C-alpha cells in the first residue's frame, strides 16, 4: 500500500494538480489581499479625511471669536464648540478642562503638532480598541501662529469591524479557491495525461510485439505531434521487423532445404567411407591417411546436417514430443552405454564417467529426446572438461534433476551467459571442434519442449550443467 501511494505521489498527475493548485491559490490570495488592502485604506482614509476636514472647518469658524492670549474660560468654550465632543484645546501650559486630558494624546502626535504647521494624525490601538487622533496647530487668517493646538479623537470600531469582515471574506475566497483550483487542476491534468496514458499503453503493446498498434492524433499541439511521431516510428518498426522476419524465415527455410538435400548424398558418402575404412589397411600409407580423413570429415558433416535439421524443426515449431513413463536412471544408463561411456564407481580413479543414478525415479519423458540431451551434456563435458565427469540424478519435488559436472577449466565468464547460443564456443581461439556448435542449443530446446530447462554454472573446479524436467506434463498437473 505504501509503495502504491509513493508511486502515485511520484506520478505526473499529483505534480500537475499541486502546481495548478498552488498557482491558483497564490493568485486568489494575491487578489484577495490586494482587494483587502485597497478597501482598508479607502475606509480609513474616508474616516480620517472626514474627521480632519470637519474639525478644521469648525476651528476656522470659531477662531474669530477667540481673543489671544486666551483664558481658561475661552479654552473651555472653544473645546465645547468643537464636534465631536471631547476635543482638547491647548495653549502653552493651559488646556481645556472638559473632554480629553493631555495625557490621553499620544506624545508623538503632540511633538509633531508642536513642531509643525500642518495637520497631524495618528492611529492607536488602545487595548484592542482602535482610536484615531488628529492634531491641528491653529493659525490666524493671516497665516501667523496663534499658539493654540486642537486635538480630537474618534473611535474606529465600526471601521475596524468592516475591515475584519473584509479580512474574513478574503480568507474565505482563498479557502474556496482551493477546491476550485483542485477541480480545475484535475480537469487540466486529465486533458494532458489522457494522451500520455494512451501513448504509454500503445508503447507497452508495441514492446509486447503488437507492431500494428496506432493512435489517433487529435489537434495540432505538441502532444498531437508526439502521437504522430509515435505512429511513424511504429510503422517504420513494423516494416523493419517484418523485413527481418521474412529474411529470417527465408534463411531458416534455406538451411532446412539445404540440410534435407544433403542427406541423400551424405548417405552415399558415408557408405563409401565405411568401405574405405574397412580397406584402409590394404591401401598405401598416404592413401589410407586421406581415406580416414575423408571418413572423419564426412561423419562430422553428417552430424552437422542432422543437428541443422533438428534445429530447423524447433524453428518451424514442428518438433514433436512423445512421452512415455520412463525409469530415468535406466534411460540415462542406456545412453551412456550406447556411446561407450560405461560409468565407473565413485571410488574409481581412472573412470572417465562416474554416475550416481538411484533407481525408481520415474518421469513422463520422450526417450529419444532425453537421450539427445544426456549425450550432448556428457559429450560436451568429456570434450571440453576433464575427467571424471560426474552424472548425478535426483528427484526434487515434482521435478527430476540430472547434474553433469566435469573437473576442467570451467566456462569463461564472458562466454557463460551465451553458452547455449547456437555455434557458441567456450574457446574462441579454436577454429574447429569435433562438435557442430549446436549441441547445447539443441539440448536446451529439448529440455524446454518438455517444460523444463538447463542451467550452466562454474563450480570452481569445473563446469556444471543441470537439467531439470517435470516428472509429469504441466497440462496434467493443471488437471
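The values are calculated or read from the model by the stated rules, or taken from the named source; none is laboratory data. All of these numbers come straight from a predicted model, not from anything done at the bench. Don't worry about glycine lacking a Cβ; one is built from the backbone with ideal geometry, like all the others, and counts go over all protein chains shown.
Structure data summary
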read-out	value
Residue that is assigned to a loop (DSSP other than H, G, I, E, B), out of contact with any helix residue (DSSP H, G or I) (no Cβ under 6 Å at 6 or more places or on another chain) and surrounded by fewer than 17 Cβ atoms within 10 Å (Cβ to Cβ), where the choices are 263, 322, 313	322
Filtered residue count, the range 388-419, keeping only those that are in a loop (DSSP other than H, G, I, E, B) and surrounded by 19 or more Cβ atoms within 10 Å (Cβ to Cβ)	5
Scope the range 66-75; condition modelled with pLDDT of 85 or more and either out of contact with any strand residue (DSSP E or B) (no Cβ under 7 Å at 6 or more places or on another chain) or closer than 20 Å to residue 139 by Cβ (or both); matching residues	69, 70, 71, 73, 74
Neighbours by Cβ (under 7 Å, 6+ apart or cross-chain): first from the range 190-206, closer than 20 Å to residue 232 by Cβ; second assigned to a helix (DSSP H, G or I) and at pLDDT 85 or above	199/230; 202/230; 206/234
Matching option when the condition is within 30 Å of residue 291 (Cβ to Cβ) and in the same structural domain as residue 309 (by TED's automatic domain parsing), among 249, 267	267
Filter result for the condition that a residue is surrounded by 12 or more Cβ atoms within 10 Å (Cβ to Cβ), within 30 Å of residue 70 (Cβ to Cβ) and in the same structural domain as residue 62 (by TED's automatic domain parsing), over 160, 104	104
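Every residue, every condition in (1) part of a helix (DSSP H, G or I); (2) closer than 30 Å to residue 47 by Cβ; (3) in the same structural domain as residue 48 (by TED's automatic domain parsing); (4) at pLDDT below 75, yes or no:
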{"position": "184", "(1), (2), (3), (4)": "yes, no, no, yes"}
{"position": "196", "(1), (2), (3), (4)": "yes, no, no, no"}
{"position": "205", "(1), (2), (3), (4)": "yes, no, no, no"}
{"position": "214", "(1), (2), (3), (4)": "no, no, no, no"}
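Residue-wise test of (1) in contact (Cβ under 8 Å) with a residue 40 or more places away in the chain; (2) touching a strand residue (DSSP E or B) at 6+ places or on another chain (Cβ under 6 Å).
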| site | (1), (2) |
| --- | --- |
| 290 | no, no |
| 295 | no, no |
| 303 | yes, no |
| 307 | yes, no |
| 312 | yes, no |
| 315 | yes, no |
| 320 | no, no |
| 325 | no, yes |
| 328 | yes, yes |
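Each row is one residue, and each column tells you yes or no for (1) more than 44 Å from the chain's Cα centre (by Cα); (2) within 25 Å of residue 472 (Cβ to Cβ); (3) touching a residue at least 60 places away in the same chain (Cβ under 8 Å); (4) assigned by TED's automatic domain parsing to the domain that holds residue 249.
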| residue | (1), (2), (3), (4) |
| --- | --- |
| 332 | yes, yes, yes, no |
| 340 | yes, no, no, no |
| 357 | yes, yes, no, no |
| 366 | yes, yes, yes, no |
| 383 | yes, no, no, no |
| 390 | yes, no, no, no |
| 394 | no, yes, no, no |
| 401 | no, yes, yes, no |
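Residue by residue, here is whether (1) assigned by TED's automatic domain parsing to the domain that holds residue 140; (2) surrounded by 14 or more Cβ atoms within 10 Å (Cβ to Cβ); (3) free of Cβ contacts under 8 Å to residues at least 40 places away in the same chain holds:
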position	(1), (2), (3)
52	yes, yes, no
58	yes, yes, yes
65	yes, no, yes
75	yes, yes, yes
96	yes, yes, yes
115	yes, no, yes
122	yes, yes, yes
